[in-house]
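Read the structure below first, then the notes.
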Amino acid sequence: MILEMIKLYSSNGLNMDDYDKYLGKALSIEQLDKHSEVLVEAYQKANPTMSTEQAEDIVMGLELPKDCL
């Protein structure tokens, strides 16, 4: 999953340094959407049998651990 995420972030012009900002919802709506789309794609590439809905559910549940806020 991590390798797919790195590849897709790079090919979509996203910065891995912004991942924490994504998890903390500290990006613009447009950037949050773009990160979400890339993460859904990464989950599906890493898990080919995963449906779009399953990947979206996982991505929607991502957040920073409470002690990092």
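Bear in mind that the values in this text are calculations on the coordinates, not laboratory data. Since we're looking at a predicted model, the values are computed, not measured. Note that we place each Cβ from the backbone using ideal geometry, even for glycine, and neighbour counts take in every protein chain shown.
Details
For (1) basic (Lys, Arg); (2) in contact (Cβ under 8 Å) with a residue 40 or more places away in the chain; (3) farther than 18 Å from residue 65 by Cβ, each residue gets a yes or a no:
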residue	(1), (2), (3)
4	no, yes, yes
11	no, no, yes
14	no, no, yes
20	no, yes, no
24	no, yes, no
36	no, no, yes
45	yes, yes, yes
49	no, no, yes
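- Residues being within 17 Å of residue 60 (Cβ to Cβ) and either of a type in the set (Ser, Thr, Tyr) or not in a helix (DSSP H, G or I) (or both) - total across the range 11-25: 4
- One residue from 22, 43 being surrounded by 16 or more Cβ atoms within 10 Å (Cβ to Cβ), out of contact with any Leu (no Cβ under 8 Å at 6 or more places or on another chain) and of a type in the set (Phe, Trp, Tyr): 43
- Taking the conditions (1) surrounded by 11 or more Cβ atoms within 10 Å (Cβ to Cβ); (2) out of contact with any Gly (no Cβ under 8 Å at 6 or more places or on another chain); (3) in a loop (DSSP other than H, G, I, E, B) in turn, residue 48 satisfies each one other than (1).
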